[in-house]
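Following: one structure in structure tokens, then a few remarks.
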Amino acid sequence: MKLWGGRFTKETDKLVNNFNASISFDQKFYKQDIQGSIAHAKMLGAAGIISEEESTKIQDGLTSILADIESGKLEITDEYEDIHTFMEATLIERIGDAGKKLHTGRSRNDQVALDMRLYTRDEVKNIDNEVKALMEVILRIIKENVHTYMPGFTHLQKAQPVTVAHHFGAYFEMFKRDRSRLADIYKRMNYCPLGAGALAGTTYPLDREMTAKLLDFYGPTLNSMDSVSDRDYLIEFLNALSTIMMHLSRFSEEICIWNSNEYKFIELDDAYSTGSSIMPQKKNPDIAELVRGKTGRVYGALISLLTTMKGIPLAYNKDMQEDKELSFDAIDTVKGCVSLFKGMIDTMKFNPARMEDSAKKGFTNATDAADYLVKKGVPFRDAHGIVGQLVLLCIDKGIALDDLSLDEYKKISPVFENDIYDAISLKTCVEKRLTLGAPGADVMNKVIAIYDDYMKSSNFPA
Ligand code: ARG
């Protein structure tokens, strides 16, 4: 069944039909299609474009279609070109001639622009909820590990000691920015394209303010050609999703490293790891690896839509139908990844002794030894050289700076006194780092209080 047979004298080729059809994927937003049509019908009635009786009949018909799809009584079948055609045909089947008036003053171009926007708007909020739930788990881990010492890395080499709270705090910040990106997108996209018609509006006295309000938009869009051909909001959303995946992927990489036999900083729960079919000793971090791997397909959706859009003249062109499948896939992928990642880190166990031991090795306190000398009047560059010599001596002896005798210290610089041991202890190195944003517990607790407030605030305007 088609909506446009009139000016054709021949049947469409079967392959063309299949190539052209979108119902196999655009049925995903059947609910939004009905939501938009109900608003349109309500407005048509209120504006006197159709009678109130017809308007009510249409709304009731659409409501019954929705109920029957949800209960499984009505199946969306592939014999229609798209979800819009399916809905109109089913409505006419159910309520007769009044159903033929639903499409008055509307085109599938503004209809699909609306449906996809409504669907995306819902998903912006769903993804935001998922990310927020992940942040709750991260915040719990932060609170429980303010004094859990671990090495901080640069170039994947041990650099200076930090805490698990501080390390996880970095991800908390990343996901905070991700949520703020979602809020920005929401604010920019929340305008209603319905009423733009095919591209040039219509001669019917549509009340676009009314439909915008009924559908919870800030207001109607202001240019009908742009309304039917704007997919910026989707590109922005895919960019935000890609960034979320990039963050999850970096986090996943760390989980894989920490979970390895060489590190043993964490142990993943049995429920979130898998075994090998040949090597009985293996417990693999497959979830982290899959999240890292799936990042590629989300980037793919972004690049694909950017490329699709780049050569399209105004206004609507069928190329835009390509905005759906990969976006749906990206949205579902991100929802799954965030949620599984949350379960994985919520159940994993830390190995604090192992992390602390690792933080003590690898000269993570060398900067602090140099700072000790600086505080006693040695210029930093000289202090750097002195500690360099001490490190060399330690490497030679296979020991840590903490294990050198005071005599050995004094042989390289007489400035060293007995208080050097306290100055370079792991505890001092972490807890004395109290600049805002540093790992010291006193300042970390202040940041945690800010995070608690943040979690109570809402991300979207009411
Ligand atoms: N399936 C189409 C899409 O997703 C709906 C709009 C069709 N409009 C048209 N003029 N053929 O973009």
Give me the Debye-computed log₁₀ of I(q)/I(0) at q = 0.15, 0.18 Å⁻¹ for the range 188-320, equal point scatterers on Cα only, no solvent, two decimals. -0.81, -0.99
Could you check the simple spin-label distance between Glu289 and Asn418, using points 7 Å along Cα→Cβ, in nm with one decimal? 5.5 nm
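Where nothing but the Cβ of Lys and Arg (+1) and of Asp and Glu (-1) is charged, how large is the charge dipole of the range 210-327 around its Cα centre, in debye to the nearest 20?
140 debye
Taking the chain on its own, what percent of its Cα-Cα pair distances exceed 35 Å? Provide the component values of the computation, followed by the final result.
Values: 52735 of 106491 pairs.
Tail of the P(r) past 35 Å holds 50 percent of the pairs.
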Quick one: Karplus J couplings for the range 417-434, per residue in order, coefficients 6.51, -1.76, 1.60, θ = phi - 60°, nearest Hz, x for Gly and Pro? 10, 4, 6, 4, 5, 5, 5, 10, 5, 4, 4, 4, 4, 8, 5, 8, 7, 10
Aspartates and glutamates with Cα under 18 Å of Lys446, excluding same-chain neighbours fewer than 8 positions away: Glu136, Glu144, Glu173, Glu431
Gain in length, Lys31 to Ala449, computed as 0.36 nm per residue apart minus the alpha-carbon separation, to one decimal in nm? 146.4 nm
What is the gain in length, in nm to one decimal, between Thr274 and Asp60 on full extension, counting 0.36 nm per residue of separation less the C-alpha to C-alpha distance? 72.0 nm
So the angle from the long Cα axis of helix 366-375 to the longest Cα principal axis of the chain, reported in degrees to the nearest 10, equals 60 degrees
Please give me the summed charge of the neighbours of Asp33: other residues whose Cβ is under 9 Å from its Cβ, Lys and Arg +1, Asp and Glu -1. -1
If the cut-off is 29 Å between C-alpha atoms, which lysines fall inside it for Lys310, apart from same-chain ones fewer than 8 positions away? Lys28, Lys125, Lys187, Lys294, Lys318, Lys324, Lys335
Give the relative contact order (percent, whole number) for the range 175-283; include only Cα pairs under 8 Å separated by 6+ residues. 23 percent
Label-point separation in nm, Ile312 to Ser51, each point 7 Å along Cα→Cβ: 4.0 nm
Given Cβ charges of +1 for Lys and Arg and -1 for Asp and Glu, the option among Tyr454, Ala133, Leu404 whose Cα lies farthest towards the positive end of the dipole of the chain is Leu404
With an 8 Å Cα cut-off and a minimum separation of 6 or more residues, compute the relative contact order for the chain in percent. 16 percent
Which ordering of Met43, Met348 is given by a fewest-first count of other beta-carbon atoms within 10 Å? Met348, Met43
Span from the the range 37-79 Cα centroid across to the the range 217-292 one, whole angstrom: 39 Å
Please list, ordered by chain and number, the residues whose modelled amide H lies under 5 Å from the amide H of Thr163; skip anything fewer than 5 residues away on the same chain. Met150
Exposure proxy check on His40, His84: fewest-to-most Cβ neighbours within 10 Å is His84, His40
Amide H to amide H under 5 Å from Thr274: which residues, 5+ apart in sequence or cross-chain, H placed 1.01 Å off N in plane? Asn284, Asp286
Rounded to the nearest 10 degrees, what's the angle between the helix 232-259 long axis and the longest principal axis of the chain, both from Cα atoms, 0 to 90? 30 degrees
In this structure, the FRET efficiency calculated for Ser458 and Asp382 from their beta-carbon separation, with R0 = 56 Å, to the nearest 0.05, is 0.55
Based on DSSP loop calls and a cut-off of at most 13 other Cβ atoms within 10 Å, the longest stretch of the chain free of exposed GluC sites (Glu not before Pro) is what? 80-261
Quick one: 3J(HN,Hα) in Hz for the range 66-72, Karplus 6.51/-1.76/1.60 with θ = phi - 60°, rounded, Gly and Pro as x. 4, 4, 6, 5, 5, 7, x
Taking R0 as 56 Å, what's the FRET efficiency between Ser71 and Ile257 from their Cβ-Cβ distance, rounded to 0.05? 0.70
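Can you give the calculated 222 nm mean residue ellipticity of the chain, where each DSSP H run of n ≥ 4 adds -39,500 (n - 2.57) and the sum is split over every residue, rounded to the nearest 500 deg cm²/dmol? Don't skip to the answer; put the middle values down first.
Working: 19 runs with 282 residues, N = 462.
My calculation for the chain gives -20000 deg cm²/dmol from helical runs alone.
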What FRET efficiency comes out for the pair Leu3/Asp332, r = Cβ-Cβ distance, R0 = 25 Å, nearest 0.05? 0.30
What aspartates and glutamates could a cross-link reach from Lys158, if we take a straight Cα to Cα line under 17 Å and drop same-chain neighbours fewer than 8 places away? Glu253, Glu254, Glu262, Glu356, Asp357, Asp368, Asp402
Taking Cα atoms, the helix 325-347 axis meets the longest principal axis of the chain at an angle in degrees (rounded to 10) of 40 degrees
Between Arg354 and Lys213, how many nm apart are label points set 7 Å from Cα along the C-beta direction? 6.2 nm
Rounded to the nearest 20 debye, dipole of the chain from Cβ charges on Lys, Arg, Asp, Glu: 720 debye
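Computed from the coordinates by the stated procedures, all read-outs in this text should not be read as laboratory data. Bear in mind the structure is a predicted one, so any value in this text is a computation, not a measurement. Every residue, glycine among them, receives a Cβ derived from its backbone with ideal geometry; neighbour counts consider all protein chains shown.
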